[in-house]
Amino acid sequence: MDKQEALFILQSSRFEPHETTDARVTEAWQIVHTDSALAARALEDIRVDNDFAIHLQRYPVPLDLPARIMFAGQRRTLGWRRRARVLGLAASIILLLSFAALWFAHNRAAVSFASYRTEMIGRLENRFDLTFHSQRPPDLQQWLESKRGLHDTHLPDGLQALPGIGCRTWMWNGQPAGLICFLLENGEPVHLFVISRGAVPRGPSVESPAYRTVGNWETISWTSGDNLYLLAGRMDRAALEKLL
């Protein structure tokens, strides 16, 4: 399987690695992740699909639409050939609605905490630029709140004690997802993502942080106030927990 075939498979399935057991989809993800530009394109395709699904959900399909179409066709005094065409059209519409319902269901599932975590860690795997730089964590926090609309952000004490590197944002589910990068004593970076908790369905609760190893990254996620936080670093869980 070459890179273009792998991208074609991912464009056809729209499944992320954690959402399928299909060996070809899994192999396709492994191939595109060897090319940062191709991986970014695959993740962007999924994001666009998610945004499209969210917008379409604002216009629900009337539950009685198939019945109304059938009833309208029966009332008309048409010849049998024309009536057959109307009934065929109605059947086609019902079939399309069924496929649309399945497509929407898949995309609603894709707009989840798991897909958010996977996409954010995927961005760390690829080259990215920081928009604002400062060694002072309060400066980075203030920039996100004043320039990017992330309100009431809270940095854990362990992170406030570290020097900052910089920050930036991406859009996810129609909301800004902020990233603040910090520098550890060993010279390695650690990354904190923050997003409005309303943008991420089924996120971790305040009482129960979520722990997950994603590739080479150890992650801890939690909610505080109106925001959801995702802390990621290439270190063991115990070391990452000390930064909270």
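A few points about this structure:
- Spin-label pair Asp157-Arg24: with each label point 7 Å from Cα along the Cα-Cβ axis, the two points sit 5.5 nm from one another.
- Taking label points 7 Å from Cα along the Cα-to-Cβ direction, Arg127 and Val206 give a separation of 4.3 nm.
- A 1.4 Å probe run over the protein chains yields, for segment 117-244, 48 Å² of accessible area per residue, whole-number rounding.
- Carbon-plus-sulfur accessible fraction, segment 100-244 (probe radius 1.4 Å, protein heavy atoms only): 49%.
- Compared with the alpha-carbon gap, the fully stretched path from Asn216 to Gln4 is longer by 73.8 nm at 0.36 nm per residue.
The values are calculated or read from the model by the stated rules, or taken from the named source; none is laboratory data. Everything quoted here is computed from the prediction, not taken from an experiment. In this analysis, Cβ positions are derived from the backbone assuming ideal geometry, glycine residues included, and neighbour counts consider all displayed protein chains. To get the accessible areas, we keep the full protein, side chains included, count just its heavy atoms, and leave off ligands, DNA and RNA. Shrake-Rupley method; radii C 1.70, N 1.55, O 1.52, S 1.80 Å.
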